[in-house]
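This report refers to the structure that appears directly beneath it.
The values are calculated or read from the model by the stated rules, or taken from the named source; none is laboratory data. It should be emphasised that the depicted structure is a prediction, and the values quoted were computed from it without experimental measurement. Every residue, glycine among them, receives a Cβ derived from its backbone with ideal geometry; neighbour counts consider all protein chains shown.
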Amino acid sequence: MEFPQAINNIVVSRAIHALEQMGYCHQDASAEGTGNYDITGRGSAEEVVLLDPLRTALQRLNPEASAEQIAYACALLTRNRDALHPLAANREIHHLLREGVAPSNEGQSSALSQAQPGRRRPGSMASVSAPRREVGASSTLRLVDWQHPAANDWRVISNYWVQGRCGPLCLPLVGFVNGLPLLLFVIGIEPLEQLYQHYLHCYRSELPQLVWYNALVLLSNGPLNRVGSVDSRWPQLTPWKRLSGEDEPEDCSLETALYATCQPERFLDLVKHFTLFSRTPRPGKIVARNHQYLAVNAAYARLREAGALRGRLGLLWQAHGSGKSYTLAFLLQKVLRQGDEPGPTCLLVTGHEDLWRQLVRSLTDWGLLTREEKPGPMPVTTAGELQRLLERPTPGRSAPPLYFALPSAFESPEPLSLRTDLLVLVDELQTCTLEQLQRMRQALPAAAFLGLTATPCREDQEPALRSLFGPYLSGYSCAQALADGTILPVYYEDRSALLGAQTPPGFAEAMQQLAEAAGPCSEYQEELAQRLRTPYALLTHPERLDLVARDLVEHWFARGYRAKALVLTIDKITAVRLYNRVRSLWERMLRRLQRERDETFDWRRRAGLDELLAYYRPTEMAVLVSPSPDDYRRFADFNDTPGRAYFETVEIRSHHERLRNEDLVARFHDVNDPLRLLFSCDPWLASLATPMLATLYLDRPLQGPTLLAALTAVNRVYDDEKVCGLVVDYIGHWPQLSTLQQRYARAAERVLPQSWRLRRRASRELHEPPVAEVSAIQEKHRLVAELEKSLGETLDFCARHGVEVSALLAASAEQRLDRAARQAADSLLKGNELRQAFFAQVKRIEALYAALQPDKAAPSFSGAVEALGLVARMIRRAQHCRSLDELFDRPHALAGLVAEESQTARYGGRSKMEAAGSSGKPSLSTLDLQRVSFSRLATLLKKSQTPLLKAEQLRSLLTWNLQLLSSQQPRYAEALAHLEKLQHKYESGQAPWEQYPAELLHFVRSLLDPLATGSQQPDEKAAGSRPRQRSSSAQPGDSTQADSDRPPDRRGPARPTAEH
């Protein structure tokens, strides 16, 4: 057995052994590759549900159900859902798992009986109709026994063959609960990102019937793991390092992830209470991360002992952007949806209305609030209203109430309620003062209190908070979140010096005074302007706003990573004034680019300008503020102010109308919506902290937790290209921000568990960078240093593998295209692992370079980044060679490819070359193998200075042709298998790569010789002068052609041995 495959089998065997220890029953279905599915009891590979275990489990869990009801439930679970979005089907199955199967009415029964079985056992539904509910029968059929996990059927099947859209696939491990494939394991020895790209991405596209049922995905290569939902992007998959508590040492191994997520009781808890579905901006599925699962269960355990704890449940501290809102939703889901006992009444308290509005939006989107449960237009704001609300009779245990309140609702000298079944959840605890928190406890002395905060409290406030809420139950710092990949680093750029004369002496002190007086809300700007007229006038001076608008437009146009951006101003009037200036300059910039595009004769420059205009021309911007009855008066007073040196009229009516007619927040969250720039004066950006937000322009003085909350709005994880967030500051907050982060770092020392403090002490002894001192926000020169480090590592990597780095960097663009880049690509084509490592490093460098732009240090990196990117694109182009024109480097094909690839590879778009390769309608030259002249191929490879690059192009072209023709004649399928075997010989190191071009030529000759002798018919031999006709075995547009997109290994990442 080959060494890599043996390691694969060992890793899979470890997983199987751990699952068997948990109570799973293992079956090896490798023999089903021959087409006999007796091991799993399926009729064909298109079925993914084990019908016999499902039927047996239903009968055991529902002993009073009739055979007709059991058959109906099986038919409902296994019906064809191809017409639904895969996640919509997954949501439907999840609802059935949690709530059970209810007998439907006659209309639903008729629709179900007429549905087609699709990818299921033929006739499994057509003969089944909905059963009639009998008197005394149970209203629903249970699919899972949630209270007794051992009562369910737990099994894991290795080498599970499933028919995909492009052929059969062998999955290494699949976990089943009562016959339903709820667990998917992607296990191998490759890096985790390669496992995700090569296999999980393939499963999502080719096996939609598996996506319908999946509840959890686990990726592991032995020492590392990532866990998430089947819908998760790669950055959204996070490691599970602990089993039961934060005091445990971290361990990212396969066994840790298995025992933390796949133990029967834990897995059912994850499925029932720690899974959410989002509807906007696109359907999505969210599975809890490790720190969220531990925090929620710790809080729920304290809730069950609330009486003994005198209502002090504790504090949950989780860093900004790490998913604190999800933690709150998971806790509510676990508290409110306990069917075995009455649940408490939950009262959610937020610091102000903006946070309440965002919380209601999120909970409604995740399904925790329906239209019937949704609260009124405003939360409770007065003590009398809160008292009347709590005096209402509580409903049944199936629907515990959920209320909302603001801190002003607790201003009462007497207790408002003595109810003991009341759970008060204070979200964003840092937005409330200590006096407000004390009034909450005095108003509800018998209630249980739990606080959630994004920043640890100050040392002088900690004793008081512990007396009100209890100890910290969970501490998840920015350093831990950055290490786990749950948040991104934020880089700070101070551009206040660019404003020049508009920042007179004393400006920083005036802004500090303004920030202290402003507080967290922006509703008091009129009184603030009267009290601090001089600092306010400095900040809103027309000339200063002109400079800010001009710099903002130029900066955003030059950003390398194109995403959403947000502008934060001092008040509503300034937001509208700055919006008017930016919009005018924006239109002027577009007209200038259009003129430059029309006047240039350089086709490369024109292509770049076309791409810029296509992206920026449809861009929209808007002002997002909270409407107030006094807005019209305030704007009218500003317009009527006498003695103004600059005539400027601003109006708010059009912005109010847009707020009423459009859901600007939902549009801003949608990555495909052209609304890309928002102006706001709300420092609490919870509603706008979308993962697509990458740039924050700050023109408002802030301090304390408000400053940290605003600046960390850009740290959300989104995709591979977003590697950081950027804050552009026009005020100059860095000294205050640095002091604030140092204070929070000291506070974190008191909160973090002992294991993290020991890790810090060990890092100090080893003279390593301290673990907990990693700041959430760093100066931008750290980004420059990170890019320089990554670039140096990549260049050293290339040099170790034979690339002439100096020649590659010194050559001009044309020379790199013709010589240096080809030679570098030829040196890096010695094995798939080498190519994938190079691709990963170049991808990282390009993302860092895009995040750095615009910066004065960026031009020093442009040459190296463009050269390495060109080498990577050249290798990818060789791997997707689809025509003889590309193989022989004919000028028209080469020019078209270079022009088309100039921007697509950088921003993740699919090139026309790849689209043509998967369109299923190849041109005549790519389909007719007889046109490939062996003498010309031999000359091309022998005389080429880059033989491996040419050999890769030839292999890609032949593989694509043989895939198209393999469905027509068996000899082409045999030739394709021979070619894959030849490639595997060199990939596994059985032969030196220098021999690869010659052996590939030998294969081509053996393939073309039989075709050349068999293609001429007797009448063609008689007419010697007549030109040879095309072979009739491959016609353009033939309906029998197979799809050209073939996964890299159709047996999956690992093939366990027969012992397991």
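Which condition breaks for L848 when tested against (1) in a helix (DSSP H, G or I); (2) at pLDDT below 90; (3) surrounded by 20 or more Cβ atoms within 10 Å (Cβ to Cβ)?
So the condition that L848 fails would be (2).
Return the pairs, sorted by first residue and then second, in which the second residue is surrounded by 17 or more Cβ atoms within 10 Å (Cβ to Cβ) and in a helix (DSSP H, G or I), the first residue lies in the range 249-262 and is among the hydroxyl-bearing types (S, T, Y), the beta carbons are less than 7 Å apart, and the residues are 6+ apart or on different chains.
Y259/A18; T261/F267; T261/L270
Run Q742 past the list (1) without any contact (Cβ under 8 Å) to a residue 24 or more places away in the chain; (2) in contact with a strand residue (DSSP E or B) (Cβ under 6 Å, 6 or more places away or on another chain); (3) not β-branched (V, I, T) and report the number of the one that doesn't hold.
(2)
Restricting attention to the range 21-53, and to residues there that are part of a helix (DSSP H, G or I) and without any contact (Cβ under 8 Å) to a residue 24 or more places away in the chain, which single residue is surrounded by the fewest Cβ atoms within 10 Å (Cβ to Cβ)?
The residue in question is T34.
Among the residues of the range 851-863, which ones are modelled with pLDDT of 90 or more and part of a helix (DSSP H, G or I)?
Within the range 851-863, A851, L852, P859, S860, F861 qualify.
Take the residues of the range 208-225 that are free of Cβ contacts under 8 Å to residues at least 60 places away in the same chain and in a loop (DSSP other than H, G, I, E, B): which is nearest to R81 (Cα to Cα)?
Going through the qualifying residues, I end up with L224.
Sort through A1012, A991, A973, A1042 and tell me the only one that's at pLDDT 85 or above and either in contact with a Ser or Thr (Cβ under 9 Å, 6 or more places away or on another chain) or surrounded by fewer than 18 Cβ atoms within 10 Å (Cβ to Cβ) (or both).
The unique qualifying residue is A991.
From L423, L416, L437, grab the single residue that is over 22 Å from G343 (Cβ atoms) and surrounded by 21 or more Cβ atoms within 10 Å (Cβ to Cβ).
Testing whether each residue is over 22 Å from G343 (Cβ atoms) and surrounded by 21 or more Cβ atoms within 10 Å (Cβ to Cβ) leaves just L437.
Before we move on, is I875 assigned to a helix (DSSP H, G or I) and within 18 Å of Y491 (Cβ to Cβ)?
Against the criterion (assigned to a helix (DSSP H, G or I) and within 18 Å of Y491 (Cβ to Cβ)), I875 does not qualify.
When the range 724-734 is examined, which residues are found to be modelled with pLDDT of 90 or more, surrounded by fewer than 22 Cβ atoms within 10 Å (Cβ to Cβ) and assigned to a loop (DSSP other than H, G, I, E, B)?
C724
Output the residues belonging to the range 434-462 that are assigned to a loop (DSSP other than H, G, I, E, B) and in contact (Cβ under 8 Å) with a residue 12 or more places away in the chain.
Answer for the range 434-462, where residues must be assigned to a loop (DSSP other than H, G, I, E, B) and in contact (Cβ under 8 Å) with a residue 12 or more places away in the chain: L444, P445, A446, A447, A454, T455, P456, C457, R458, E459, Q461.
Just wondering, is there one or more residues in the range 32-49 that are of a type in the set (F, W, Y) and at pLDDT 90 or above?
no
Anything in the range 936-969 that is in contact with a Ser or Thr (Cβ under 7 Å, 6 or more places away or on another chain) and outside any helix (DSSP H, G or I)? List them, or say none.
Across the range 936-969, the qualifying residues are S967, Q968, Q969.
Output the number of residues of the range 567-582 satisfying the condition of being outside any helix (DSSP H, G or I) and farther than 21 Å from D640 by Cβ.
3
Which members of the range 159-171 meet the condition of being in contact with a helix residue (DSSP H, G or I) (Cβ under 6 Å, 6 or more places away or on another chain) and under 18 Å from A29 (Cα atoms)?
N159, W161, G164
Report, by residue number, each residue of the range 190-225 that is under 12 Å from L237 (Cβ atoms) and among the β-branched types (V, I, T).
V217 - this is the single residue of the range 190-225 that is under 12 Å from L237 (Cβ atoms) and among the β-branched types (V, I, T).
Name the residues in the range 279-296 that are under 25 Å from G314 (Cα atoms), touching a helix residue (DSSP H, G or I) at 6+ places or on another chain (Cβ under 9 Å) and not charged (D, E, K, R), would you?
Listed by number, the residues that qualify are V287, A288, N290, H291, Q292, Y293, A295, V296.
For the range 972-986, which residues satisfy the criterion of being over 9 Å from L962 (Cβ atoms) and touching a residue at least 24 places away in the same chain (Cβ under 8 Å)?
H978, Q983, Y986
Restricting attention to the range 276-293, report how many residues are surrounded by fewer than 23 Cβ atoms within 10 Å (Cβ to Cβ) and either touching a His at 6+ places or on another chain (Cβ under 7 Å) or among the hydrophobic types (A, V, I, L, M, F, W, C) (or both).
6
Please work out if L468 is in contact (Cβ under 8 Å) with a residue 60 or more places away in the chain and assigned to a helix (DSSP H, G or I).
Yes: the conditions hold for L468.
Across the range 790-831, which residue is farthest from Q995 (Cα to Cα) among those that are charged (D, E, K, R) and modelled with pLDDT under 90?
Ranking the qualifying residues of the range 790-831, first place goes to E814.
Could you look through the range 448-466, keep only residues that are at pLDDT 90 or above and touching a Lys or Arg at 6+ places or on another chain (Cβ under 7 Å), and pick out the one that is surrounded by the most Cβ atoms within 10 Å (Cβ to Cβ)?
Of everything passing the filter in the range 448-466, F449 is surrounded by the most Cβ atoms within 10 Å (Cβ to Cβ).
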